[in-house]
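Everything below concerns the one structure shown next.
The values are calculated or read from the model by the stated rules, or taken from the named source; none is laboratory data. Computed from a predicted structure; not experimentally measured. Cβ coordinates were reconstructed from backbone atoms using ideal geometry, including for glycine residues, and neighbour counts include every protein chain displayed.
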Amino acid sequence: MAPVVHPSDLAVERAVDLLAAMAHPARLAVLSWLHRRGPTAVGDLVEALGIEQTAMSHHLRHLRDARLVETERQGKRVVYRLVDDHVGCIVEDAIGHAAEGVGAQEEAR
């Protein structure tokens, strides 16, 4: 039998921080958009997701601080992208898992 490997306390703490940073509908929508569509300018995110500019800036700052997204300036535009594919996989897995539960609840009605 293989030994049980437990994550370090630091790894668990960082995972909690990562999940907490994602735990808002607007931030999850931004992360999902960036995963599916790729790098996107702030203005385009505002338009596509229907989030006010000031709220979008707040959410993007939160995601940057959590090291989930990074930026690149292209002239006057600021473009956001996911820091790596792991972020997108976590988001899509969470949404997929939630959708499975929704389908089961709807069938039970």
Selection from segment 7-36 of residues that are part of a loop (DSSP other than H, G, I, E, B) and modelled with pLDDT of 90 or more: ALA23, HIS24
Condition broken by HIS59, with the remaining ones in (1) over 18 Å from ALA41 (Cβ atoms); (2) in contact with a helix residue (DSSP H, G or I) (Cβ under 8 Å, 6 or more places away or on another chain) satisfied: (1)
Number of the exception - ASP9 against (1) charged (D, E, K, R); (2) closer than 14 Å to VAL69 by Cα; (3) exposed (fewer than 13 other Cβ atoms within 10 Å of the Cβ): (2)
Qualifying position, being out of contact with any Cys (no Cβ under 8 Å at 6 or more places or on another chain), modelled with pLDDT under 95, closer than 27 Å to ARG14 by Cα and exposed (fewer than 15 other Cβ atoms within 10 Å of the Cβ), among ALA108, ALA94, ALA99: ALA99
